[in-house]
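The values are calculated or read from the model by the stated rules, or taken from the named source; none is laboratory data. None of these values were measured; they are calculated from a predicted model. So basically every Cβ, Gly included, is an ideal-geometry build from the backbone, and we count neighbours across all protein chains shown.
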Amino acid sequence: MKGTKRIITLFALLTAISFSSSAQETKKEIPLKYGATNEGKRQDPAMQKFRDNRLGVFIHWGLYAIPGGEWNGKVYNGAAEWLKSWAKVPSDEWMQLMDQWNPTRFDAKKWAKTAKEMGAKYVKITTKHHEGFCLWPSKYTSYTVANTPCKRDLLGEMVKAYNDEGIDVHFYFSVMDWSHPDYRYSIKSAADSIAFSRFLTFTDNQLKELATRYPTVKDFWFDGTWDASIKQNGWWTAHVEQMLKEMLPGVTINSHLRADDNGKRHFDSNGRLMGDYESGYERRLPDPVKDLKVTQWDWEACMTIPENQWGYHKDWSLSYVKTPIEVIDRIVHAVSMGGNMVVNFGPKGDGDFRPEEKELATAIGKWMERYGEAVYACDYAGFEKQDWGYYTRGKNGEVYMIVFNQPYSKQLIVKTPKGVSVEKASLMGTKENIKVVETARNEYNVSVPKKNPSEPYVIRLQIQTNKGSKGSYRDALT
Ligand code: FHN
C-alpha cells in the first residue's frame, strides 16, 4: 500500500514538473520573420490623429449596388455585396453590370457634406470589393469605372471632396478578387503557386497605383485576407505593410492584412498585434466588463445599420434596422473602451443614399454636435462600468458619463478607482451643475439632471487624483 502511495506521489510530481516545463516552453518567444512590427501602441502624430478621429463612415459602393440583393427575380437575404456568390453568377456575366454603371445622382461634394454634418472625421471607401470592380481607373484590369458609361474617376472625386471638408480618407481594399483568373483560395500545386504569385504582383501594382494616384490617403483597410493562400504567404502581407509605409509615411494599416510565418492572423504567434490597429470587431463590440484587454492596443470596429448589409440592398425589412440611439450607443461603447467606430452606408446604384441613411446621419450629427466633446480624442476612463451607460476620458483628464439608461432612483452610481475623487459635475451643453454626494469609500451618487433630457446625455465630472474619499469608512467584517 505504502509503495503504491509513493508511486502515485512520484507520478503526480513528474506530471507537475512536465506541466510546468511545458508552460515555460509555451512562454518562450517564437522566432518570427513576419511577426508584429510595432512595440505597443504607435505614438506618432498620424496614429494620434487616427485615434482622435474616433468616428468614421464606411462606404460600400460597387456593382452590387445595381441589383441591390435581387438576381433574376429572386431576392437574396444575405449581404448584398455578396450577391454574385449567393446567386452563383459567373464573373463575366456579373461584370456586364458595368454597362449599367452610370450613377447620375452621385455628387462627391454632397456625400462629403453628409459625412461632415454627421460628425465623421474620416471615411473608409471601398476602392475594390470582392467582386473586383475598381472605383478608380486602374491600368491593371479592365474592370474599372473607366470602362463604364460613367467613365469618371469616382474615387478621385471622393478623395478630393472629403479632403476639402477636412475629412481623412481611408481605403478599403479587398485582396480576394473574384474577377481575377489567378486568384487562388489555397495553393495545392506548383501551377497554383505560379498563378498566385502573378496575382500578388497584380495586387502590389494596384496598391502602388492607389498610393501614387491618391497620396493624401491616410489608411489602408484590408479585407478578404482569410483564405489559406494568403495565410500561406505571410511574407507577402509583411511586405505590403512595409511597401505602403515606405510610400506613404505615417499611413496606418489594419490587422486584417497580416499573417505571420505560421499563418496566424491579426495577432502573431507571440500574441503581438500585427498592423497598427485591430480590426476584428465587425458588427460586434468587445464586452465592456470582460474584454478590457482591448484597451491595451488601438482598435476600430465597423458596423452595419441593418443586421448585415454593407452594400445597397433594396429591402431593409428583411432584418432588424438599428435606430439612431442604438447606433450612438455603439459609437460611445467603442470609444469608452479606447476604440474607433465606423458606421456603414451603402449608396444606391444611382449614387444617392436611401432616406433612412440620410435620416440616421442627421440624427447622429445632431447628437455629436452637442456631445462630441465626450467622443472625439477621448479614451478609456478606467472607471468600473455602471448600468446607466459609459465613461470616457478626455485629453485633460476630465471624465464623461454618457447616460443611456435613466434610473428610477434618479441617482447615477459612480465608483472611482482608489485615490480618485469626484469634485464637481455639470450637464454638458448647459450651465446646470449636478449634485454629487459621496455615499461610501470611492462611491458617489450623481443626480440626474433636473429636467429629464429626452436623449442620451453627458455629465462632465471634475475629478481629482491622489485624494480619495473624504469620509472615514470601515469595511464590513464578514
Ligand atoms: O465580406 C466582407 C463584407 O462584405 C464587408 O465588406 C465587411 C466589412 O467589414 N468585411 C467582409 C466580411 O468580414
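Here are a few things to note about the model shown:
- Going through (1) away from the ligand (no atom under 16 Å from the Cβ); (2) surrounded by fewer than 23 Cβ atoms within 10 Å (Cβ to Cβ) one by one, P306 falls short only on (1).
- Evaluation of W136 against (1) out of contact with any His (no Cβ under 9 Å at 6 or more places or on another chain); (2) aromatic (F, W, Y); (3) surrounded by fewer than 21 Cβ atoms within 10 Å (Cβ to Cβ) (one fails), failing number: (3)
- Put simply, of I30, I7 the only residue that is at pLDDT 50 or above and over 30 Å from W86 (Cα atoms) is I30.
- Among the residues making up the stretch 204-221, those that are among the polar types (S, T, N, Q) and in a helix (DSSP H, G or I) are N205, Q206, T212.
- Candidates are the residues of the stretch 47-82 that are under 22 Å from T126 (Cβ atoms) and among the small types (G, A, S); the one that is farthest from the ligand (Cβ to nearest atom) is G68.
- The condition (being under 30 Å from A377 (Cα atoms), touching a residue at least 24 places away in the same chain (Cβ under 8 Å) and more than 16 Å from the ligand (Cβ to nearest atom)) is satisfied by just one residue among K139, K160: K160.
- Answer from K151, K245 - the residue that is under 26 Å from W299 (Cα atoms) and free of Cβ contacts under 8 Å to residues at least 24 places away in the same chain: K245
- Elements of type strands (runs of 3 or more DSSP E) contained in the stretch 381-430, each with 1 or more residues being free of Cβ contacts under 8 Å to residues at least 60 places away in the same chain and among the basic types (K, R): 389-393, 411-415, 421-427
- Residues that are of a type in the set (S, T, Y) and not in a loop (DSSP other than H, G, I, E, B) were ranked within the stretch 222-259; the one that is nearest to the ligand (Cβ to nearest atom) is S255.
- Filter pass, E438 being buried (at least 17 other Cβ atoms within 10 Å of the Cβ), touching a residue at least 12 places away in the same chain (Cβ under 8 Å) and of a type in the set (D, E): yes
- Filter result (within 10 Å of the ligand (Cβ to nearest atom) and either in contact with a Gly (Cβ under 7 Å, 6 or more places away or on another chain) or assigned to a strand (DSSP E or B) (or both)) within the stretch 265-299: S279, G280, Y281, E282
- Every test in (1) assigned to a loop (DSSP other than H, G, I, E, B); (2) touching a residue at least 60 places away in the same chain (Cβ under 8 Å) is passed by Y172 save one, and that test is (1).
- Residue, farthest from the ligand (Cβ to nearest atom), within the stretch 322-348, restricted to residues that are surrounded by fewer than 24 Cβ atoms within 10 Å (Cβ to Cβ) and more than 16 Å from the chain's Cα centre (by Cα): I325
- Residue match in the stretch 310-321 (condition: within 16 Å of the ligand (Cβ to nearest atom), within 18 Å of the chain's Cα centre (by Cα) and within 18 Å of R393 (Cβ to Cβ)): no
- Any hit, the stretch 377-397, residues being in contact with a His (Cβ under 8 Å, 6 or more places away or on another chain), within 25 Å of V342 (Cβ to Cβ) and either exposed (fewer than 15 other Cβ atoms within 10 Å of the Cβ) or of a type in the set (S, T, Y) (or both): yes
- Wholly enclosed strands (runs of 3 or more DSSP E) of the stretch 434-478 bearing at least 1 residues within 34 Å of the chain's Cα centre (by Cα): 443-447, 457-464
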